[in-house]
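S.K.: Following this message is one structure expressed as structure tokens.
Just so it is clear, none of the values below were taken in a lab; they were calculated from the coordinates. Because the structure is a prediction, the values reported are computed rather than measured. Every residue, glycine among them, receives a Cβ derived from its backbone with ideal geometry; neighbour counts consider all protein chains shown.
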Amino acid sequence: MTTSDSESSAAPENGPKHVAIIMDGNGRWAQSRGRPRLFGHHAGAKRVRQIVEACPDLGVKYLTIFAFSTENWKRTQVEVAGLMSLFRRYIAKEARALKAEGVRVRFIGDRVRLDKKLVALMDELEVETSENERVHLTIALNYGGRDEVARATKRLAQDVAAGKLDPGEVDEETLPRYLDTYVLPDPDLVIRTSGEARISNFLLWQSAYAEYEFIDTLWPDFSPEIYAGLVEGFGKRDRRLGGVKA
Ligand code: IPE
Ligand code: IPE
Ligand code: MG
């Protein structure tokens with residue numbers, strides 16, 4: 001705690017505590033260089049470490065990144081297989097650094113469709129970093145907001161059927177306890193790179209009151225400087241949350 005307090009001295013006042021990023025544009029970044037899409041995914045993966053490392057100074061305690069959506073299975077078999085192998089290698093390669101830097105890693109999304117070896121690596125990294133608290137990094141992998149709400153509702157219904165939950169007590173506080181993100185605060189700021197102004201099924205419930213930044217930069221070109229600028233801009237926004245200014 002003491003480390004994070006001193007580190008956050010440069011952080012903007014009223015800055016976002018939880019930033020979520022839709023890392024988009026890897027394919028176009030590669031194509032504009034005449035390279036295969038996977039080249040862009042590799043370049044994109046390399047960007048992640050710098051952005052994670054920038055968090056403590058900016059006062060960002062939680063960073064959630066969208067790595068693979070429930071819709072991304074529609075891509076070619078070559079791209080999907082290449083991404084899955086990239087995730088496996090990324091976890092194996094980055095585990096040591098993440099541990100040493102005090103990053104607590106969590107994964108959200110449905111693990112059922114993922115390769116068992118990949119799931120084992122994900123579980124292992126979660127356990128190995130579970131004591132860390134400098135930055136909470138959440139990686140959304142085979143994640144879809146609608147899928148998450150559907151899975152949550154199924155478990156909630158099972159609890160009702162088992163007599164553990166009274167249907168009359170289900171409210172806005174109850175449902176999020178069944179979401180994959182149950183331990184995380186809601187995101188304050190959602191960033192999407194690559195110029196698309198849509199959320200593509202990311203954190204639907206959780207982002208109800210988030211601020212959005214849609215920027216043209218392609219994910220492999222995203223930098224700690226751009227990130228710092230967006231975090232700073234957030235502090236200047238007038239967040240009324242449905243109320244009126246005094
Ligand atoms: C984002 O980059 C990464 C994933 C969705 C896995 P894209 O692969 O969507 O890149 P573009 O949008 O085609 O440029
Ligand atoms: C969203 O990007 C998913 C991730 C960044 C992992 P996509 O590129 O898949 O989204 P669409 O297809 O443009 O909506
Ligand atoms: Mg895309």
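S.K.: Could you give the nm distance between label points at Y209 and A97, where each point is 7 Å from its Cα heading toward the beta carbon?
M.R.: Result: 3.6 nm between the two label points.
S.K.: Using 1/(1 + (r/R0)^6) with R0 = 35 angstrom and r between the beta carbons of R177 and T217, what's the FRET efficiency to the nearest 0.05?
M.R.: With R0 = 35 Å, the Cβ-Cβ based efficiency is 0.45.
S.K.: Just list whichever of K99/K164; K46/K154; K61/K117; K46/K74 have alpha carbons separated by over 27 Å in the model shown.
M.R.: Those over the limit are K99/K164; K46/K154; K61/K117.
S.K.: Continuing with this model, one more query. State, to one decimal in nm², a quarter of the convex hull surface area for the C-alpha atoms of segment 27-73, i.e. the direction-averaged projected area.
M.R.: 4.2
S.K.: Quick one: order T129, T138, T76 by neighbouring beta-carbon count within 10 Å, fewest to most.
M.R.: By the 10 Å Cβ count, ascending, the order reads T76, T129, T138.
S.K.: Which ³J(HN,Hα) values, rounded to whole Hz and listed in residue order, are derived for segment 149-160 from phi using the Karplus coefficients 6.51, -1.76 and 1.60 in 6.51 cos²θ - 1.76 cosθ + 1.60 with θ = phi - 60°, glycine and proline given as x?
M.R.: The phi angles translate into 5, 5, 5, 5, 5, 4, 5, 4, 5, 5, 5, 5 Hz.
S.K.: Pull out a ≥ b ≥ c, the square roots of the eigenvalues of the alpha-carbon gyration tensor of segment 194-245, then state rounded if a/c is under 1.5, prolate if not and a/b is larger than b/c, and oblate in the remaining case.
M.R.: oblate
S.K.: While we're looking at this one, here's another question. In Å³ and rounded to a whole number, note down the convex hull volume per residue for the Cα atoms of segment 37-152.
M.R.: Enclosed volume per residue, from the Cα hull, is 108 Å³.
S.K.: Hey, another quick one. With a point put 7 Å past each Cα toward its Cβ, work out how far A162 is from K17 in nm, to one decimal.
M.R.: Calculated label separation equals 3.0 nm.
S.K.: Amide H to amide H, which residues 5 or more places from I21 or on other chains are under 5 Å from it, using H placed in the peptide plane?
M.R.: Residues meeting the criterion, in which the H sits 1.01 Å from N, are T64, I65, F66, I191.
S.K.: Starting from the Cα coordinates of the chain, work out the convex hull volume and express it per residue in Å³.
M.R.: Per residue, the Cα convex hull of the chain comes to 150 Å³.
S.K.: Would you be so kind as to identify which of Q50, G102, V80 lies farthest towards the positive end of the dipole of the chain, taking Lys and Arg as +1 and Asp and Glu as -1 on Cβ and the Cα centre as origin?
M.R.: V80
S.K.: Mind running the shape call on segment 8-100? Use the C-alpha gyration tensor, a ≥ b ≥ c as the square roots of the eigenvalues: rounded below 1.5 for a/c, prolate if a/b tops b/c, oblate otherwise.
M.R.: prolate
S.K.: Say a site is exposed when it is one of the GluC sites (Glu not before Pro), sits in a DSSP loop, and has at most 10 other Cβ atoms within 10 Å; what is then the longest site-free stretch of the chain?
M.R.: 14-130
S.K.: I'd like the distance between the alpha-carbon centres of segment 78-100 and segment 103-148, rounded to an integer number of Å.
M.R.: 12
S.K.: Determine which aspartates and glutamates satisfy two conditions relative to K116: a Cα distance under 16 Å, and not lying fewer than 8 residues away in the same chain.
M.R.: E124, E126
S.K.: Now a separate question. Scattering from the C-alpha atoms of segment 131-246 alone, worked out with Debye: what is log10 I(q)/I(0) at q = 0.12, 0.15, 0.21, 0.23 1/Å?
M.R.: Taking Cα atoms of segment 131-246 as identical point scatterers yields -0.60, -0.87, -1.30, -1.39.
S.K.: Return the long-range amide H neighbours of F214 (sequence gap of 5 or more, or a different chain), with a cut-off of under 5 Å between placed amide H atoms.
M.R.: The list, which skips near neighbours in sequence, is R192.
S.K.: Next question. Report the net charge of residues surrounding G195, where surrounding means a beta-carbon distance below 10 angstrom and charges are Lys +1, Arg +1, Asp -1, Glu -1.
M.R.: -1
S.K.: Post the alpha-carbon centroid distance, segment 154-200 to segment 44-68, in whole angstrom.
M.R.: Comparing the Cα centres of segment 154-200 and segment 44-68, I get a distance of 23 Å.
S.K.: With θ taken as phi - 60° and the coefficients 6.51, -1.76 and 1.60, list the Karplus ³J(HN,Hα) couplings across segment 74-90 in order, rounded to whole Hz; mark glycine and proline as x.
M.R.: In residue order, the calculated couplings are 6, 6, 5, 4, 5, 5, 4, 4, x, 5, 4, 5, 4, 4, 4, 5, 4 Hz.
S.K.: Assign unit charges at the C-beta atoms only (+1 for Lys and Arg, -1 for Asp and Glu), then state the dipole size of the chain relative to its Cα centre in Debye, rounded to the nearest 20.
M.R.: Using only the charged Cβ atoms, the result is roughly 1060 debye.
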